[in-house]
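Worksheet: one structure, shown below.
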Amino acid sequence: MGTNSRAAGALLARASTLHLQTGNLLNWGRLRKKCPSTHSEELRDCIQKTLNEWSSQISPDLVKEFPDVLECTVSHAVEKINPDEREEMKVSAKLFIVGSNSSSSTRNAVDMACSVLGVAQLDSVIIASPPIEDGVNLSLEHLQPYWEELENLVQSKKIVAIGTSDLDKTQLEQLYQWAQVKPNSNQVNLASCCVMPPDLTAFAKQFDIQLLTHNDPKELLSEASFQEALQESIPDIQAHEWVPLWLLRYSVIVKSRGIIKSKGYILQAKRRGS
């Protein structure tokens, strides 16, 4: 086993929090897998390659410090938005809550995305349905704490517009009636319904909610798949101690031309018991 892997293992054994960011995947060059077949495969590949790049560049000073929070990134791929070009860009994000039951994850994710991209606010944030136990239907109560945090972020001008994912007409109506800041979009997975449900379409049209499509799996990142990626990249660690809390996927699009200028992932994980 290489010295770098041992150093990474030593750091992860002492840290309590891991922040992993891929930087702009369009800048990855040789690191990029040509055609990942699924979003989950792309994400796992990104996590492993980011960990590999980070561990290969650990400085001796970092090992001496043993920081509590590890910033794990592909340094050459990091790309902030030029302030002079900000008005020409649309910055969108989708937030996946993985192993966290704390609504503060929402604020942490948005703050980190703004910091990574060098912007004061995100134009749009969609929240994927939070994880719930098998056999339990998603209810308004599950969404409320996360939505309240998103509303706070809209009010503090960190986000312009907020949206939902995979809500049916009843769920969307309940959220719309309760929310102070109304959802401006709802993503529908076309794998589960080839045609937009007519009742959802009618409700969205009546209240000016944009219906978008997506092809994310129900569980983009599981605790087990994250731990497997961690173990494969850095064998010298207790991967089962690490739990991913949330994952944010962002894209930066040039408004006038509709082309993607930047896209990437940001993830936060915690070590159990730390």
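The values are calculated or read from the model by the stated rules, or taken from the named source; none is laboratory data. Keep in mind that what you see is a predicted model, and the values were worked out from it rather than measured. Positions of Cβ are backbone-derived with ideal geometry, glycine not excepted, and every protein chain shown enters the neighbour counts. Just the protein is used for accessible areas: all its heavy atoms, side chains included, with ligands, DNA and RNA removed. Shrake-Rupley method; radii C 1.70, N 1.55, O 1.52, S 1.80 Å.
A few comments on the model shown:
- Taking the stretch 74-95 as the range and being in a helix (DSSP H, G or I) and without any contact (Cβ under 8 Å) to a residue 12 or more places away in the chain as the test, the residues that pass are Asp84, Glu85, Glu87.
- Annotation note: of Val110, Val136, Val119, the sole residue that is touching a Leu at 6+ places or on another chain (Cβ under 6 Å), of a type in the set (A, V, I, L, M, F, W, C) and either under 19 Å from Lys218 (Cα atoms) or open to solvent by less than 40 Å² (accessible area, probe 1.4 Å) (or both) is Val110.
Results for (1) farther than 30 Å from Arg86 by Cα; (2) out of contact with any Gly (no Cβ under 7 Å at 6 or more places or on another chain); (3) at pLDDT 95 or above; (4) surrounded by 17 or more Cβ atoms within 10 Å (Cβ to Cβ), shown as yes or no for each residue.
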site	(1), (2), (3), (4)
Ile159	no, yes, yes, yes
Pro183	no, no, yes, yes
Phe207	no, yes, yes, no
Trp242	yes, yes, yes, yes
Val252	no, yes, yes, yes
Tyr265	no, yes, yes, yes
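- Among the residues of the stretch 154-166, those identified as closer than 14 Å to Pro183 by Cβ and not small (Gly, Ala, Ser) are Val154, Ile159, Val160, Ile162, Thr164, Asp166.
- Which listed residue is touching a helix residue (DSSP H, G or I) at 6+ places or on another chain (Cβ under 8 Å), within 30 Å of Asn189 (Cα to Cα), open to solvent by 30 Å² or more (accessible area, probe 1.4 Å) and of a type outside the set (Asp, Glu), from Ser56, Ser40: Ser40
- Remark: Val188 matches the filter, which requires a residue to be crowded, with 16+ Cβ neighbours inside 10 Å, modelled with pLDDT under 95 and not basic (Lys, Arg).
- Criterion: open to solvent by 60 Å² or more (accessible area, probe 1.4 Å), of a type outside the set (D, E, K, R) and touching a residue at least 24 places away in the same chain (Cβ under 8 Å) - qualifying residue of Gln177, Gln144, Gln171, Gln155: Gln155
- Search result, residues across the stretch 234-248 that are assigned to a helix (DSSP H, G or I) and over 17 Å from Gln268 (Cβ atoms): His240
- Residues satisfying the stated conditions in the stretch 70-95, i.e. at pLDDT 95 or above and among the β-branched types (Val, Ile, Thr): Ile81, Val91
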